[in-house]
């Protein structure tokens, strides 16, 4: 039985909807056809929209569903190792979905609370993009999550690089790791995405720091529909990266001529980072480095910061920020 696309929100149900009906690739394709293509056609001519979705069709073309996993990243590595040992090509865009993670980790091995009621996803992307385009993948992943949260009426913003929050409380997060094939030497980018949907019982250390879509909206959501929407939006943003690369190669020009800033411009619309006073650091919670004002984001995704101590403007391509204002 497929996903019911007609019930996005259940405000009358006081109990969290935790039974995830995992979407199939066919569900995602149907959703793209009925929802995404008409909406994206407001931004681009429909033939171009269809081209983008053909580029991004790898996202969710294979789905492995689990009721419970320790970590999606670990399972992704196991699958990569199996393919490498057998000399088989890996299906780029393969997605691992879990109803619950028991050992979720964020950046710098921070714990990630991932109980039933949320969307816990790992996508394996076999990176064949140009370096100047693939460095935009973190922004694309953050945009996909933020657009999905907003699709269901929750007023989220994205904080550089790709934390999604509602009034300072984190509703979704991205973790990206890179591994290389033991035989093929292929570059695999593991994209871990977690969205707090109906789960609202957070541990004490996350008190005031995390929030769920259900808490903000005052009602629960159909997890299968949210997961379908999320994968459809990953399809769009990954497709946009391929389209932008194709345009760049065809033009034999720079990123501005290739259309790459389209993604960055959209990211700026969804972000509340520019103009904020922040603390920057590569592990900002344990080793903060300096206070700065966010001036903006460059076309290649770098964060432009003005150091508040000496006034020097720098562009950071790694690390993280905490809002101070």
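Throughout, read-outs are computed from the coordinates displayed, never taken from laboratory work. Note that the structure is predicted; figures quoted are calculated from it, not measured. Here the Cβ is made from the backbone with ideal geometry for all residues, glycine too, and neighbour counts use every protein chain on show.
Out of every Cα-Cα pair in region 274-323, what percent are more than 19 Å apart? So the pairs more than 19 Å apart make up 14 percent of the total in region 274-323.
Going by neighbour counts of Cβ atoms within 10 Å, the residues 233, 306 line up, fewest first, as 306, 233. For region 52-103, the square roots of the Cα gyration tensor eigenvalues, ordered a ≥ b ≥ c, give a/c of at least 1.5 with a/b no greater than b/c, which places it in the oblate category. Spin-label model, residue 180/residue 68: points 7 Å from Cα along the beta carbon direction are separated by 3.8 nm.
Put a dot 7 Å past the Cα of residue 282, heading toward its Cβ, do the same for residue 310, and the two dots end up 1.8 nm apart. Summed over qualifying helices (DSSP H, 4 residues or more, each -39500 (n - 2.57)) and divided by its residue number, the chain shows a 222 nm mean residue ellipticity of -9500 deg cm²/dmol.
Rounded to the nearest 0.05, the FRET efficiency derived from the C-beta distance between residue 81 and residue 102 at R0 = 22 Å is 0.55. Legend: ranking of residues 221, 53, 90 from fewest to most surrounding C-beta atoms inside 10 Å; resulting order 90, 53, 221. When each of the peptides 276-283, 40-47 is scored by how many other beta carbons lie within 10 Å of its residues on average, the order from highest to lowest is 276-283, 40-47.
Put in order of Cβ neighbour count within 10 Å, fewest first, the listed residues 163, 222 become 163, 222. Would you mind telling me which residue in 303, 190, 129 has the biggest mean-square fluctuation in a Gaussian network model of the chain, where springs connect alpha carbons within a distance under 10 angstrom? Of 303, 190, 129, the most mobile in the Gaussian network model is 129. Which option, (i) 29.0; (ii) 20.3; (iii) 17.1, is the value of mean projected area of the Cα convex hull in nm² that was calculated from these coordinates? Only one option fits the structure, namely (iii). Once you reduce region 138-169 and region 190-253 to the center of their Cα atoms, the two points are 7 Å from each other. Each peptide in 141-150, 264-273 gets a packing score, the mean of other Cβ atoms within 10 Å over its residues, and the list from highest to lowest is 141-150, 264-273.
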